[in-house]
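Undergrad: I have a structure here, written as structure tokens, and I will follow up with some questions on it.
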Amino acid sequence: MLGKNQYNNHWNQPRPDGRQVCVHAFIGKLKDGSIATYQTLPWNHRGWHAGGDANNTHIGFEICEDNLTDKTYFNKVYKEAVELAAYLCKQYKLTEKNIIGHYEGYQKKIASNHGDPRPWFSKHGKSMDTFRADVKKELAKGTTTTKPSTDSKKLYRVQIGAYSVK
């Protein structure tokens, strides 16, 4: 479903770039061109994504970047990220105020020095503030009060095993 990463810089391998890292999910393009969330750890499992204490307190997900100039792709993955963040906020009784970017984690001294997602967001007129505002709007819609629908024909891989709930 994922296709091949031609640069071999993906995290779907043991010790990518020699590091021991893992986020809870990735958002990106599948081989068929559709956008999906690919869960790699259970939401309540400690990840190793922040390079600091945020590993103990935060759910981490990556939005897979393209060449940073494709507005259509950006808008699709951004929307998916807003929906995922709203779902997780509802699931864990959080608000948009609990959401931080990696660079904000660094500023709070709970993550390593990493600029994402600021550089890519800014190329498309977005910021973590607009992201949080969009999550707040999504939460206000009430669309995240129910679990995502289950499609028994589509499986979402979760570390070792596969589950039919996104």
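Undergrad: Name the residue, out of ASN55, ASN75, ASN67, that is in a helix (DSSP H, G or I) and within 22 Å of TRP120 (Cβ to Cβ).
TA: On the way: ASN55 fails: within 22 Å of TRP120 (Cβ to Cβ); ASN67 fails: in a helix (DSSP H, G or I).
Result: ASN75 is the single residue among ASN55, ASN75, ASN67 that is in a helix (DSSP H, G or I) and within 22 Å of TRP120 (Cβ to Cβ).
Undergrad: While we're looking at this one, here's another question. Looking only at the stretch 56-93, count every residue that is at positive phi and aromatic (Phe, Trp, Tyr) and tell me the total.
TA: 0
Undergrad: So is GLY47 buried (at least 20 other Cβ atoms within 10 Å of the Cβ) and modelled with pLDDT under 85 or not? Give the steps one after another, and end with the answer.
TA: Numbers: buried (at least 20 other Cβ atoms within 10 Å of the Cβ): yes; modelled with pLDDT under 85: yes.
Yes.
Undergrad: Keeping to the stretch 108-132, report how many residues are within 17 Å of the chain's Cα centre (by Cα) and either surrounded by 13 or more Cβ atoms within 10 Å (Cβ to Cβ) or under 21 Å from ALA86 (Cα atoms) (or both).
TA: Of the residues in that region, 14 qualify.
Undergrad: When you go through (1) touching a residue at least 60 places away in the same chain (Cβ under 8 Å); (2) of a type outside the set (Lys, Arg); (3) out of contact with any strand residue (DSSP E or B) (no Cβ under 9 Å at 6 or more places or on another chain); (4) under 15 Å from LYS141 (Cβ atoms) one by one for ILE110, which number turns out not to apply?
TA: Condition (4) is where ILE110 drops out.
Undergrad: If you don't mind, another one. Is it true that LEU41 is crowded, with 18+ Cβ neighbours inside 10 Å, modelled with pLDDT under 90, part of a loop (DSSP other than H, G, I, E, B) and of a type in the set (A, V, I, L, M)?
TA: Spelling it out, LEU41 is indeed crowded, with 18+ Cβ neighbours inside 10 Å, modelled with pLDDT under 90, part of a loop (DSSP other than H, G, I, E, B) and of a type in the set (A, V, I, L, M).
Undergrad: Restricting attention to the stretch 8-30, does a residue exist that is at pLDDT 90 or above and of a type in the set (Phe, Trp, Tyr)?
TA: no
Undergrad: Those residues that are in a loop (DSSP other than H, G, I, E, B) and small (Gly, Ala, Ser), I need them from the stretch 78-117; list them, please. Walk me through how you get there before you give the answer.
TA: Step one: of the stretch 78-117, the residues in a loop (DSSP other than H, G, I, E, B) are 92-95, 99-101, 108-117.
GLY101, ALA111, SER112, GLY115 - these are the residues of the stretch 78-117 that are in a loop (DSSP other than H, G, I, E, B) and small (Gly, Ala, Ser).
The values are calculated or read from the model by the stated rules, or taken from the named source; none is laboratory data. Because the structure is a prediction, the values reported are computed rather than measured. Neighbour counts are summed over all protein chains in view; Cβ atoms, including those assigned to glycine, are modelled from backbone coordinates with ideal geometry.
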